[in-house]
Structures are given as C-alpha cells and as structure tokens.
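Below is one structure, written out as structure tokens; the observations come after it.
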Amino acid sequence: MIPPPPGQQPGTESVKAGVPPAVEVRDLHVRLDGVPILTGVDLTVAVGEWVTVIGPNGAGKSTLLRAVGGLLPAPDAVRLFGTPLGALRRRERARVVATVAQYPVVPPGMAVLDYVLLGRNPYIPPLGRESAADLAVVDEVLDRLDLTNFRTRELATLSGGERQRVFLARALAQGATLLLLDEPTSALDIGHQQEVLELVDRLRGEHGLTVLATMHDLSIAGEYADRMVLLDTGRVAAAGAPHEVLTETLLSRHYRAHVKVIPTPHGPLVLPTRPRRHP
Amino acid sequence: MHQALKRGPSFPPAAVVRPAGLRKRWLALGAFAVLVALVAGVSLGPVSLPPGSVAIELLNLLPGVRLDSGLTEREIAIVTELRLPRVVLGLLVGGLLALAGGAYQGVFRNPLADPYLLGVAAGAGLAVTVVLTLGVGSGGALSGLPATVPLAAFVGSLGAVAMTYLLGAAGGRSRSPATLILAGVAVSAFLAAGQTYLLQRHAESIQAVYSWLLGRLATAGWQDVRLVLPYFLVTSLVVLLHRRELDVLSVGDDEAGSLGLHPQRSRYLLIAAASLGTAAAVSAAGLIGFVGIIVPHTVRLLAGSSYRVILPLSLLFGGAFLALTDVVARTAAAPQEVPIGVVTALLGGPFFVLVLRTARRVLT
C-alpha cells in the first residue's frame with residue numbers, strides 16, 4: 001500500500017479506538033477468466049467515511065466494488081466491520097453491505113414499492129413473505145427519499161434522477177450501513193448528479209453510513225469524497241485526500257490526460273485541456 | 001400522461017398501498033374458471049348432460065354428500081368413469097404446462113421461454129418415436145404395453161433436459177442462463193434430427209407418432225390422473241413456494257446475489273421442478289404447445305407482472321384453459337377428435353392478440 005501522505009492520516013478522525021474499519025482489503029488479487037484484474041489491492045474505509053475510487057477505464061474499479069460486495073470469491077482478502085467476507089452467509093452479508101449497480105436492472109412492470117421491497121429480501125425467510133415490519137421499513141425509506149407518491153408508479157416510467165433515488169431506496173431498505181455505489185451519477189445531468197450525491201451525503205450523516213463509490217467525473221468526485229483512491233491496471237497508484245490524488249502529475253500519468261487542476265475551497269477542479277500542438 | 005401522474009392531492013400519502021400479491025378477487029376468478037371448466041367438460045360431449053345435474057353429481061363425489069341428480073346409472077358412469085378423469089387430467093396437464101412456462105420465463109428472464117425450451121419436446125419426441133417404430137417393427141411387442149409410450153416420453157424429456165444441463169455446464173464459470181438456452185437449442189436440434197431419421201426409415205408409423213406429437217387427452221380412466229398427480233403436487237409446491245424469489249431474480253443474478261439470494265441454486269431448483277412437471281404432462285398428454293407461453297402472458301397482462309401473481313393464476317387458468325379446449329377438441333368435429341394441440345393454437349393465438357390489444361389500450 002502507498003504510505004499515507006505526510007501531514008494527514010486519512011480517515012483517522014472518524015476511527016474510534018478499537019472500532020474495526022468498515023472495509024478492510026488486504027492484498028486482493030482477482031482474476032476473471034484467467035486475466036488478472038486486481039493485483040494486490042489494499043484499501044481501508046473507516047466507519048462513516050466516504051471513499052471514492054477513481055481510475056481510467058479498465059483499471060478494476062467495478063471489480064474492486066464487486067469483490068467488496070461479496071460477488072467475487074475473495075474470502076480472506078476482504079473484511080467488513082472486522083468480519084472476513086467468507087465468514088458471512090449471503091443473507092447476513094446483504095444486511096451489512098448494499099450495492100447500487102452501475103446499470104441496475106429495471107424489471108418490466110414492477111412498481112416502485114415492490115422494487116424497494118426487494119431490499120428486504122435478506123430479512124424475509126427464504127420461502128416466506130414480507131412482514132408488517134418489512135413494509136414499515138419500506139414506507140419509511142420511501143418517505144425519507146420523497147418517493148411516497150411514486151409507490152404505485154412503474155419503475156420503468158420514472159426519469160433518470162427519480163430512478164436513481166429508487167435504487168438508493170432499495171439499498172437503504174436493506175438496512176446495511178455500508179453503501180457501495182458504482183458510478184451512481186453516470187446517467188444523470190449535472191443538476192441531478194448534485195441532487196443524488198447531496199442526498200447520499202445527507203443520509204451518510206443522518207444514519208452513520210459508510211460510502212465506497214466509483215466515479216468518473218473527477219471534480220464532482222473530489223467534492224464529495226473524504227478520501228480518494230486512484231486505481232490503475234489493478235493496483236492502487238495513489239490514495240489520500242482529494243487534493244493529494246487529483247494532481248496534474250498523477251492524472252496525466254495514469255489517465256494519459258491533459259488536465260489543469262485548479263484548487264478551490266471545495267476541492268480541486270479538474271479541467272481537461274486540449275494538448276498543444278508542436279509544429 | 002405525465003401531467004396526469006404529477007404529484008398532487010389526488011395521491012394521499014397516508015393511503016395504504018399493498019405490495020404486489022395475489023388479490024382475493026383474482027384467486028376467486030381462477031377458482032371459478034376451474035369450476036366452469038369442470039362442469040362444462042363433464043356435461044358436453046357426444047351425450048350432452050344437463051350441467052345442473054352434472055354439478056350435483058360432482059358434489060356427490062365429496063364425502064358425506066348424497067343428492068339426487070336425476071341422472072341414470074349409465075349417465076353417472078359416463079360422468080365419473082369417462083369424462084371426469086379426462087377433465088381432471090386436462091386441469092392437471094394445463095396447470096402444469098402454464099406453471100412451468102411461467103417459471104421458465106422468470107428463471108431465464110425471457111418472455112419467450114416455454115416449458116419445451118430445454119429440449120423436453122425433442123427428447124420426448126425421439127423417445128416415443130423409438131418406441132413406436134421399434135414396436136411396429138417387431139410386431140407390436142413393445143407398443144402393446146400400455147405404459148410404454150408415457151414412460152418413454154417421461155424418460156426422454158428428462159434425459160434431454162439432463163443433456164442440456166451437462167452441455168451448458170461445459171461453459172464453466174462463465175455459464176449464464178443464455179448458455180443454457182443455447183444448449184437447449186443444440187440438444188433439441190440433435191434429437192429432432194434423430195427422430196426425423198427414424199421416421200423416414202419407418203414411414204408406416206408416422207401417423208401413430210404424429211397423433212401423439214399433436215397431443216391428446218384421451219385417457220384410460222383414472223390411471224393417467226394417478227400417474228400425473230404426484231408430479232403435479234411436487235412441481236406446484238416447489239414452484240409456488242419460490243414465487244417471491246422469482247421476483248428477486250428479476251433484477252439479475254448480480255443484484256439478486258447482493259440481496260442475499262443464491263441465484264444459481266434457486267434457478268436450478270426451479271428448472272428441475274418445472275422440467276419434472278413438464279415431463280409428467282408430456283408423458284400423459286403428448287406435446288401440447290402454446291399453453292405454457294400464452295397463459296402466463298395473459299395473466300401477466302391482466303393481473304400483474306409479479307410472479308407471486310403469475311404463478312398461482314397460471315396454474316388455475318392454465319388448467320381451465322386446457323380443459324375447455326379439450327371440450328372443443330372432442331365436440332367440434334364429433335365423432336372425430338381434433339388434436340388438442342391444434343385447438344390450443346387455433347384458439348389461443350387470436351385470444352392472445354385480443355388480450356394484447358385490450359391491455360395496451362387500458363395501460364396507455
């Protein structure tokens with residue numbers, strides 16, 4: 001792992017003594033169909049922290065999230081709240097970590113209420129049906145996300161921003177305190193991007209959620225993350241506060257991009273600039 | 001449309017909204033359809049019996065009920081020994097095919113899936129052709145046994161599904177539902193080729209094979225019902241108990257996995273149960289197309305898209321549909337019988353188009 005940058009121990013302020021981190025990844029290797037995707041990734045996310053993973057296409061961001069979410073076999077390399085993933089049963093795991101996929105499947109004909117109710121699956125006995133308590137949780141989540149009037153609407157008829165709220169609602173209904181967001185704003189316009197990310201941040205504060213996200217838009221990513229991790233070809237290339245990761249040197253090296261980074265009070269702004277021609 | 005759906009006082013937030021599930025109204029309608037099919041199926045035929053008397057005679061079958069229906073001994077025998085078993089078989093076979101079709105559509109997340117998707121039809125077809133051609137060739141020694149053809153159909157169906165599964169498993173970890181469907185296509189083509197070759201070599205048995213392929217509910221009394229009933233019970237129990245899991249599966253394997261489900265395990269259990277039921281239906285009634293795809297879709301369009309609705313209603317309406325179709329099959333060209341597979345398609349096709357059109361008008 002990259003040594004923590006001098007002057008700041010990432011996330012230390014939220015780590016209480018003796019509390020294990022929400023996510024602890026040690027030397028994670030993942031091969032898919034024989035191709036190495038992740039080669040020795042280390043990552044720690046403290047409870048209550050927001051960490052955003054960035055990196056060029058194919059760096060392994062989504063794979064890292066899938067491994068943390070338990071969708072890939074990585075029994076010993078990943079610990080959630082101190083427990084190795086391999087020691088959690090599927091349903092237990094689903095009560096600890098909830099994932100919003102990059103492109104969630106929208107089942108045709110399903111109403112918002114039924115979709116959010118799917119989030120209660122880890123609490124419903126395998127062959128049983130939902131209890132009044134499950135419905136109460138769903139109602140409360142819908143209310144909190146201002147979705148009550150959408151309950152009977154078909155999910156497929158909602159706009160992108162509304163759908164993203166419903167996807168979040170299903171994840172919240174899982175009652176998990178660790179939220180994995182894979183490109184949560186890639187389908188949204190700039191206003192709805194801010195709306196969704198503000199909502200996530202508000203919920204994080206209100207409910208002590210921990211957020212591990214991947215994002216492509218670097219400026220917005222830097223504004224919301226406590227810490228960022230730059231992934232390149234399956235390894236951690238840099239980790240630290242946004243202003244330490246979003247630097248012209250790192251971005252040009254790992255993204256092969258021509259960018260200008262402008263520091264602001266909210267975080268660094270990353271501007272793509274056209275490369276100068278050499279006549 | 002968006003105007004009308006805007007938030008407003010017309011949507012009181014306090015109103016109780018229930019999740020998708022089987023409403024009593026639909027359940028009652030399904031049970032009613034089954035009763036209508038039962039009475040109509042027993043009343044109508046070469047000798048028409050008054051439906052009221054038939055209904056009373058059916059009540060008499062319940063323990064402790066003794067009512068006078070006004071039917072003669074012979075008519076009572078027609079009811080209980082000839083027509084009733086046939087109608088009950090129709091209810092069981094139709095229910096199984098529609099239920100299996102609905103389960104396959106959920107498991108494969110594919111609206112075109114039908115109970116014959118994984119090679120059941122081709123496997124049963126080949127096995128029955130082998131028995132009938134060899135039987136004819138060796139002087140009817142094999143085909144003389146009453147249970148040979150159903151047994152061959154049953155074994156052939158399950159054998160084909162097993163082949164499809166093994167072939168699909170060759171894809172290793174990257175195996176997906178699509179791999180399984182493609183394996184089913186390959187297995188079906190392979191077995192159908194074998195069947196075609198045998199038929200071509202034994203042209204004399206083409207009629208016997210085809211009369212079986214087109215399906216029929218002509219029965220040997222209660223014998224067939226007794227053969228199908230255990231499979232009917234096992235299949236409907238397993239599939240209906242997993243109806244909520246099929247809704248969870250509808251968001252795909254990855255998301256279902258992160259919701260705490262074991263998608264592969266649920267999928268293969270449901271495939272096994274649905275295939276077993278289909279094999280039993282095929283062994284009793286031959287290849288009756290259409291029921292397994294049309295009934296679940298009609299239910300989906302009219303009553304809702306949750307599998308908690310589709311599966312139980314498919315069981316009821318599928319049974320009623322096939323039993324009523326059988327009435328048409330044996331009365332339309334009496335005393336000749338029209339193959340029931342032909343009737344299901346002839347009636348089901350236009351009916352489904354009608355449902356599609358009405359549903360679209362109601363929904364938009």
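Over the whole of B:300-311, what's the average partner chain Cβ count within 10 Å per residue? Rounded to a whole number, please.
Mean partner-chain Cβ count within 10 Å for B:300-311: 2.
Mean projected area of the convex hull spanned by the Cα atoms of the stretch B:31-113, taken over all viewing directions: 6.9 nm². Taking Lys and Arg as +1 and Asp and Glu as -1, the other residues whose beta-carbon sits under 13 Å from that of A:Thr83 total +1.
Please report A:His207, A:His254 as a ranked list, fewest other C-beta atoms within 10 angstrom at the top and most at the bottom. Could the numbers behind the result be given before it?
Numbers: A:His207 13, A:His254 19.
Ranked by crowding around the Cβ, least crowded first: A:His207, A:His254.
With both labels modelled 7 Å from their Cα along Cα-to-Cβ, the B:Leu67 to B:Ser176 distance reads 5.7 nm. Relative contact order of chain B, taken over Cα pairs closer than 8 Å and 6 or more residues apart, is 28 percent. With contacts taken as Cα pairs under 8 Å at a separation of at least 6 residues, chain A carries a relative contact order of 24 percent. Amide H contacts of A:Thr99: A:Leu180, each under 5 Å away and 5 or more positions distant or on a separate chain (H built 1.01 Å from N in the peptide plane; Pro and chain starts excluded).
Within the listed set B:Phe321, B:Phe290, B:Phe352, the residue fluctuating most in the Gaussian network model of chain B (springs between alpha-carbon atoms under 10 angstrom) is B:Phe352. Placing a label point 7 Å from the Cα of B:Leu59 along the Cα-to-Cβ direction, the residues of the stretch B:66-96 with a backbone N closer than 16 Å are B:66-71.
Two numbers describe the Cα atoms of the stretch A:164-242: Rg and Dmax, which are 12.8, 36 Å. Legend: mean number of C-beta atoms from other chains within 10 angstrom of residue C-beta atoms, peptide A:137-150, equals 2. Taking 18 Å as the cut-off, the amide N atoms of the stretch A:96-122 that come nearer than this to a point 7 Å along the Cα-to-beta-carbon line of A:Asp143 belong to A:113-114, A:116-117.
For the stretch A:174-252, averaging the sequence separation of C-alpha pairs within contact (under 8 Å, six or more residues apart) and dividing by the residue count gives a relative contact order of 26 percent.
With a simple spin-label model that places each label point 7 Å from the Cα along the Cα-to-Cβ direction, the separation between A:Tyr103 and A:Arg26 comes to 3.7 nm. This ranking places A:Val23, B:Val282, A:Val35 by how few other beta-carbon atoms lie within 10 Å of each, fewest first, which gives A:Val35, A:Val23, B:Val282. Rounded to 0.05, the FRET efficiency of the B:Gln264 and B:Val47 pair, given R0 = 56 Å and the Cβ-Cβ distance, is 0.55. FRET efficiency for the pair B:Asn110 and A:Asp42, taken as 1/(1 + (r/R0)^6) with r the Cβ-Cβ distance and R0 = 56 Å, rounds to 0.85. Put simply, when A:214-223, B:238-247 are sorted by average Cβ atoms within 10 angstrom per residue, most first, you get B:238-247, A:214-223.
What the Cβ-Cβ distance of B:Arg201 and B:Leu233 gives, at R0 = 35 Å and to the nearest 0.05, is a FRET efficiency of 0.30.
When the expected Rg is taken as 2.2 N^0.38 Å, what fraction or multiple of it is the alpha-carbon Rg of the stretch B:88-363?
1.00
Counts of other chain beta carbons within 10 angstrom of each beta carbon in peptide A:97-110 average 4. Local charge for A:Val116 was computed over the other residues whose Cβ lies under 9 Å away, with Lys and Arg +1 and Asp and Glu -1, and equals +2. Considering helices alone, the calculated mean residue ellipticity of chain B at 222 nm is -23000 deg cm²/dmol, with DSSP H runs of length four and up weighted by -39500 (n - 2.57) and normalised per residue.
Counting Cα-Cα pairs of the protein assembly as shown in 20 Å increments starting at 0 gives whole-percent bin shares of 17, 40, 28, 13, 2, 0. Where both bridge residues fall in chain A, DSSP classifies roughly 60% of the beta bridges as antiparallel. Cβ crowding within 10 Å, taken as a proxy for footprinting-reagent exposure, orders B:Ser188, B:Ser314, B:Ser205, A:Ser186 from fewest neighbours to most as A:Ser186, B:Ser205, B:Ser188, B:Ser314.
Once the Cα atoms of helix A:190-207 and of chain A are each reduced to a long axis, what angle between those two axes, in degrees from 0 to 90 to the nearest 10, is obtained? Relative to chain A, helix A:190-207 is tipped by roughly 70 degrees. With a simple spin-label model that places each label point 7 Å from the Cα along the Cα-to-Cβ direction, the separation between A:Val19 and A:Arg129 comes to 4.0 nm. Cα centroid separation, the stretch A:153-198 to the stretch A:229-279: 27 Å. So the label point goes 7 Å from the Cα of B:Leu82 along Cα→C-beta, right? Which residues of the stretch B:309-345 then have their backbone N under 20 Å from it? Correct set: B:323-340.
For every other residue with a beta carbon closer than 12 angstrom to the beta carbon of B:Ala280, add +1 if it is Lys or Arg and -1 if Asp or Glu, then tell me the sum. Here the charged neighbours net out to 0.
Every read-out reported here was derived from the displayed coordinates using simple, explicitly stated rules and does not represent laboratory data. Since the structure is predicted, the reported quantities are computational estimates derived from the model, not experimental observations. In this analysis, Cβ positions are derived from the backbone assuming ideal geometry, glycine residues included, and neighbour counts consider all displayed protein chains.
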